[in-house]
Amino acid sequence: MSNFRNRPADNYINEANWQQLYLLTKHWKSDLLFYKDDLRFLHRLIKKYLLWISKKENVDLVKEIEISLLIVDKQCTGLLEKTTSHLHHLTELIENPFAYDSHKFRSEHTALEDSLAHFVKDFRKNRKEIFSITEYIIDGEQLVKQFTNLAD
């Protein structure tokens, strides 16, 4: 699985100017907003199918995945807040290059990027699990309904 790193070179964070880092961070924020929308969709998907589930083991599966989804959702919200704050700091650095310690800021930028990479990995894993479980439950629940209709 590829990581989230969008830099053109390994030393990009240390060599890029503030405007370049600002654009990269804006891109991260845009991606996080997309993930946030996707998380809303996944929550709705789970709630929609939870109503139709008749097997207890399927309800338990959905509850587990919902808890996992809430954790990833919280992770996304936290990263959005950090990214917004980071953009604010970048704006200040563009306006006043001496506003923050350059080395410390670039280290924070790297840490934020690593957090984003970790989040994307967690998000993709969670999304894949949700779709697999949803498909499994839909197929299983439809079989129960089909057998019920045959018995009538």
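Calculate the FRET efficiency for PHE34 and GLU108 from the Cβ-Cβ distance with a Förster distance of 30 Å, rounded to the nearest 0.05. Approximately 0.80, to the nearest 0.05. Distance cut-off 25 Å, Cα to Cα: go down the list LYS26/LYS48; LYS55/LYS121; LYS47/LYS125 and report the pairs above it. Flagged as over cut-off: LYS26/LYS48; LYS55/LYS121. Couplings for the range 33-45, taken from phi via the Karplus curve 6.51 cos²θ - 1.76 cosθ + 1.60 with θ = phi - 60°, read 5, 5, 4, 4, 5, 5, 5, 4, 4, 5, 4, 5, 4 Hz in order; Gly and Pro are left as x.
Values in this text are rule-based calculations from the coordinates and carry no lab data. Because the structure is a prediction, the values reported are computed rather than measured. Glycine also receives a Cβ, built like all others from the backbone with ideal geometry; neighbour counts cover every protein chain displayed.
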